[in-house]
Amino acid sequence: MLSVSNLSVQFGKRVLFDDVTTQFTNGNCYGIIGANGAGKSTFLKILSGQMEPTSGHVSLEPGKRMSVLEQNHHAYDEYTALETVLRGNKELHGIKTEIDALYADYTDENAERIGELQVRFEELNGWNAESDAATLLSNLGIDASQHYSLMGDLDGTLKVRVLLAQALFGNPDVLIMDEPTNDLDYETITWLENFLAHYDNCVIVVSHDRHFLDSVCTHISDIDFGKINHYSGNYTFWYESSQLAARQRAQQNKKAEEKKKEL
Ligand SMILES: Nc1ncnc2c1ncn2[C@@H]1O[C@H](COP(=O)(O)OP(=O)(O)OP(=O)(O)O)[C@@H](O)[C@H]1O
Ligand SMILES: [Mg+2]
């Protein structure tokens, strides 16, 4: 679904990633963990194309759509809540905008182009987009009376829910989120946990929230020493396994020490 090949990232002398090759597969939810400053946010920015790696590349399976939870809470201030959600599907939104412009300046030539665009529009389920977006907003507790409010006029808690709806809109094939629970209220976190636990596509999420990771992750991806290792299971399972492995290593070292002394 999403492949990372020979990825290296370096800031000055600091090496964040060193020749990482890995894959993110459909149907899995990966919780990216690692120490503060390990490079979790940088990794998500590279996966989503917001940042270029020093070397290597990322490739998304052709025809698949990726969606990223917007971090800038003011990015859509001039749009209505509904429009913000619709803009989550860039291809569909682009087609709709082009069709509207062509209709406004209707000629025979334009009619042909409109026909072509409409085929793709229908494939992308364009006719239902507005009602789907409205349903998503309502499910996230945003009343219909606020769907046409400007984002700039919404209070912080509503705004982050609209941005969440934008990321989820149209069931993207790959969904990328950096610390989504940070700005959400308890009720919305529970809603999101439930949504992601039943999500069939690929989710890649950074979170410090253990409870959240436990409820949504099928895999834990640990960033350590410039590499990324995937482990199946949720956070608690990863934590207990890694504690056990550390204890076993310590015991083996102790035994080796004792043997050395004996000899
Ligand atoms: N554009 C940049 N230029 C130089 N250094 C950077 C840049 N972006 C990030 N860094 C550095 O790279 C390291 C990793 O940053 P990043 O934000 O990816 O870490 P993180 O794992 O998300 O940390 P946190 O848990 O605090 O969110 C940090 O030391 C940071 O200062
Ligand atoms: Mg970060």
GLU61 passes all but one of (1) within 13 Å of ligand 2 (Cβ to nearest atom); (2) open to solvent by 30 Å² or more (accessible area, probe 1.4 Å); (3) in contact (Cβ under 8 Å) with a residue 60 or more places away in the chain; which number fails? (1)
Give me a count of the residues in segment 142-178 that are free of Cβ contacts under 8 Å to residues at least 40 places away in the same chain and either basic (Lys, Arg) or within 16 Å of ligand 1 (Cβ to nearest atom) (or both). 1
For segment 16-55, how many residues are assigned to a strand (DSSP E or B) and touching a helix residue (DSSP H, G or I) at 6+ places or on another chain (Cβ under 9 Å)? 8
Residue pairs qualifying under the 8 Å Cβ cut-off, at least six apart or on distinct chains, with the first in segment 35-57 being at negative phi and the second being more than 11 Å from ligand 1 (Cβ to nearest atom) and in a loop (DSSP other than H, G, I, E, B), are ILE46/PRO53
Within segment 77-95, does at least one residue satisfy the condition of being of a type in the set (Gly, Ala, Ser), surrounded by 12 or more Cβ atoms within 10 Å (Cβ to Cβ) and assigned to a strand (DSSP E or B)? no
Filter result (among the polar types (S, T, N, Q) and within 16 Å of ligand 1 (Cβ to nearest atom)) within segment 1-54: SER8, GLN10, ASN36, SER41, THR42, SER48, GLN50, THR54
Looking across segment 35-54 at residues that are more than 9 Å from ligand 2 (Cβ to nearest atom), open to solvent by 20 Å² or more (accessible area, probe 1.4 Å) and of a type outside the set (Val, Ile, Thr), the single one that is nearest to the chain's Cα centre (by Cα) is SER48
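For every residue, the table says whether it meets (1) in contact with a strand residue (DSSP E or B) (Cβ under 9 Å, 6 or more places away or on another chain); (2) at pLDDT below 95; (3) not charged (D, E, K, R).
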| position | (1), (2), (3) |
| --- | --- |
| ARG14 | no, yes, no |
| PHE17 | yes, no, yes |
| GLY39 | yes, no, yes |
| PRO53 | yes, no, yes |
| LEU60 | yes, no, yes |
| GLY63 | no, yes, yes |
State all residues of segment 227-238 that are open to solvent by 60 Å² or more (accessible area, probe 1.4 Å) and free of Cβ contacts under 8 Å to residues at least 24 places away in the same chain; if no residue qualifies, say none. ASN229, TYR231, SER232, PHE237
Keeping to segment 202-213, report how many residues are farther than 19 Å from TRP238 by Cα and more than 11 Å from the chain's Cα centre (by Cα). 0
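The values are calculated or read from the model by the stated rules, or taken from the named source; none is laboratory data. Predicted model only: the values in this text are computed from it and were never measured. A quick note on method: Cβ atoms are made from the backbone with ideal geometry, for glycine too, and the neighbour counts reach across all protein chains shown. For accessibility, only protein heavy atoms count, side chains too; no ligands or nucleic acids. Shrake-Rupley method; radii C 1.70, N 1.55, O 1.52, S 1.80 Å.
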